[in-house]
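Peer 1: Quick one: the structure is below, and I'll ask about it shortly.
The values are calculated or read from the model by the stated rules, or taken from the named source; none is laboratory data. What you see is a predicted model; the values in this text were computed from it and never measured. Counting neighbours? That spans all protein chains shown, and the Cβs are built from the backbone with ideal geometry, glycine included. Each accessible area value is taken on the protein alone, full model and side chains, heavy atoms only, with ligands, DNA and RNA left out. Shrake-Rupley method; radii C 1.70, N 1.55, O 1.52, S 1.80 Å.
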Amino acid sequence: MADLNNRHLEPELLDGLPAGDPRAIASRRDLVRINALMFQARIMASLLRANVQTPPLRILEIGAGDGKFMLTVARLMAAGCWSNVEIVLVDRVDLMGKDLCNSFAAFGWKAQPVTADIFEWADEALHRPFDLVCANLILHHFDDTRLLQLFPRIMTMAPMLVATEPLRAKVPFVATRFLRLIGACAVTQNDATQSVRAGFRGAELSQLWQLSGGTPVIEGRKGLFTQGFVGASMPGSR
Ligand SMILES: C[S@@+](CC[C@H](N)C(=O)[O-])C[C@H]1O[C@@H](n2cnc3c(N)ncnc32)[C@H](O)[C@@H]1O
């Protein structure tokens, strides 16, 4: 069993593959199923319902991938009266299909995909143009030093961050060994294990958020595999 007491980051195989590589395509397909198995969208939606009192007009998702995760969140939240939302989906790889905007439009959401590195893009974004930043399975890609650079950027853009990340614990770690049983490809099997080792536990995100000048709202295990985090950019900004 790996040492799960401390975060351990190694580059994920998917990040080193061209978007069109068959192994990358297979792994991104696996990611949709893994998000479903982890109940990531449902966990995100429940964090949003519990912590965002006024329906937002503008949301930013960082590391949005192919946009399917946020589309599921939009479906769940639109049922709860979050309509007329503008969603900006940033990923450094161009993965969002042409139909994505139409799919969001079905829920009254206007989607704007952006292909950019989130660090560079955030430096160019206008001061606080969003009501909310969402992050799913992206923060664990960055070591603590990088997160301490990312969090202040998020704080200049929005009053709140809601994140759903891998839980660094025994159960998720062991579960990654069974991914081959659902047909996950070798890239996914490797990256899932690395993701758990790079994931979060306890109040780790809260501490980094606080060091960045923000106010942690909640952090903890959600379900079997997920670390949920909500941070406010300033005291009382919820
Ligand atoms: C594990 S995937 C999660 C994608 C999506 N959130 C989902 O749940 O399907 C992580 C994503 O973060 C993106 N990413 C990693 N570093 C990034 C950066 N510096 N700027 C923008 N996107 C980044 C990757 O391209 C990848 O699509």
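Peer 1: Name every residue in segment 133-146 that is touching a helix residue (DSSP H, G or I) at 6+ places or on another chain (Cβ under 9 Å) and not in a loop (DSSP other than H, G, I, E, B), in order of residue number.
Peer 2: Start the filter on segment 133-146 by keeping residues that are touching a helix residue (DSSP H, G or I) at 6+ places or on another chain (Cβ under 9 Å), which leaves 133-142, 144, 146.
Listed by number, the residues that qualify are 133, 134, 135, 136, 139, 140, 141, 144, 146.
Peer 1: So, in segment 36-67, of the ones that are away from the ligand (no atom under 12 Å from the Cβ), in contact with a strand residue (DSSP E or B) (Cβ under 9 Å, 6 or more places away or on another chain) and open to solvent by less than 60 Å² (accessible area, probe 1.4 Å), which residue ends up farthest from residue 192 (Cα to Cα)?
Peer 2: From segment 36-67, those away from the ligand (no atom under 12 Å from the Cβ) are 37, 39, 42, 45-59; that's our starting set.
Now narrow it down to the ones that are in contact with a strand residue (DSSP E or B) (Cβ under 9 Å, 6 or more places away or on another chain): 39, 46-48, 50-52, 56-59.
Remaining after also requiring open to solvent by less than 60 Å² (accessible area, probe 1.4 Å): 46-48, 51-52, 56, 59.
Values: 46: 24, 47: 23, 48: 25, 51: 28, 52: 30, 56: 32, 59: 27 Å.
Top of the filtered list is 56.
Peer 1: Please list, ordered by first then second residue, the pairs with beta carbon atoms under 6 Å, 6 or more apart or interchain, first in segment 109-125 and β-branched (Val, Ile, Thr), second open to solvent by 50 Å² or more (accessible area, probe 1.4 Å) and in a loop (DSSP other than H, G, I, E, B).
Peer 2: 115/94
Peer 1: Scanning segment 11-35 for residues that are without any contact (Cβ under 8 Å) to a residue 24 or more places away in the chain and assigned to a helix (DSSP H, G or I), which turns out farthest from the ligand (Cβ to nearest atom)?
Peer 2: Among those that are without any contact (Cβ under 8 Å) to a residue 24 or more places away in the chain and assigned to a helix (DSSP H, G or I), it is 22.
Peer 1: Just checking, does segment 79-94 include any residue being of a type in the set (S, T, N, Q) and out of contact with any Leu (no Cβ under 9 Å at 6 or more places or on another chain)? Spell out the reasoning first.
Peer 2: Step one: filter segment 79-94 for residues of a type in the set (S, T, N, Q), giving 83-84.
Subset that is out of contact with any Leu (no Cβ under 9 Å at 6 or more places or on another chain): 83.
Yes, there is a match, as at least one residue in segment 79-94 is of a type in the set (S, T, N, Q) and out of contact with any Leu (no Cβ under 9 Å at 6 or more places or on another chain).
Peer 1: If you scan segment 121-140, which residues turn out to be farther than 25 Å from residue 32 by Cα and either of a type in the set (S, T, N, Q) or near the ligand (Cβ under 8 Å from one of its atoms) (or both)?
Peer 2: Residues of segment 121-140 farther than 25 Å from residue 32 by Cα: 121-131.
Across segment 121-140, the qualifying residue is only 121.
Peer 1: Which number in (1) open to solvent by 50 Å² or more (accessible area, probe 1.4 Å); (2) under 23 Å from residue 221 (Cα atoms); (3) away from the ligand (no atom under 12 Å from the Cβ) marks the one condition that residue 77 misses?
Peer 2: The one condition residue 77 does not meet is (1).
Peer 1: Hey, any hits in segment 172-195 for a residue that's within 30 Å of residue 131 (Cβ to Cβ), modelled with pLDDT of 95 or more and either of a type in the set (Lys, Arg) or in contact with a helix residue (DSSP H, G or I) (Cβ under 7 Å, 6 or more places away or on another chain) (or both)? Break it down stepwise before answering.
Peer 2: Applying the first criterion (within 30 Å of residue 131 (Cβ to Cβ)) to segment 172-195 yields 195.
Now drop any that are not modelled with pLDDT of 95 or more, which leaves 195.
Of the ones still in play, those that are also either of a type in the set (Lys, Arg) or in contact with a helix residue (DSSP H, G or I) (Cβ under 7 Å, 6 or more places away or on another chain) (or both) are 195.
Scanning segment 172-195, I find at least one residue that is within 30 Å of residue 131 (Cβ to Cβ), modelled with pLDDT of 95 or more and either of a type in the set (Lys, Arg) or in contact with a helix residue (DSSP H, G or I) (Cβ under 7 Å, 6 or more places away or on another chain) (or both), so the answer is yes.
Peer 1: Open to solvent by 30 Å² or more (accessible area, probe 1.4 Å) and over 20 Å from residue 18 (Cβ atoms): which single residue out of 131, 117 fits that description?
Peer 2: On the way: 117 fails: over 20 Å from residue 18 (Cβ atoms).
Of the residues listed, the single one that is open to solvent by 30 Å² or more (accessible area, probe 1.4 Å) and over 20 Å from residue 18 (Cβ atoms) is 131.
Peer 1: Tell me, which residue of segment 93-107 that is crowded, with 16+ Cβ neighbours inside 10 Å and farther than 24 Å from residue 57 by Cβ is farthest from the ligand (Cβ to nearest atom)?
Peer 2: We begin by selecting, within segment 93-107, every residue crowded, with 16+ Cβ neighbours inside 10 Å; these are 93, 95-96, 100-101, 103-104, 107.
Now narrow it down to the ones that are farther than 24 Å from residue 57 by Cβ: 93, 95.
Numbers: 93: 4, 95: 6 Å.
Ranking the qualifying residues of segment 93-107, first place goes to 95.
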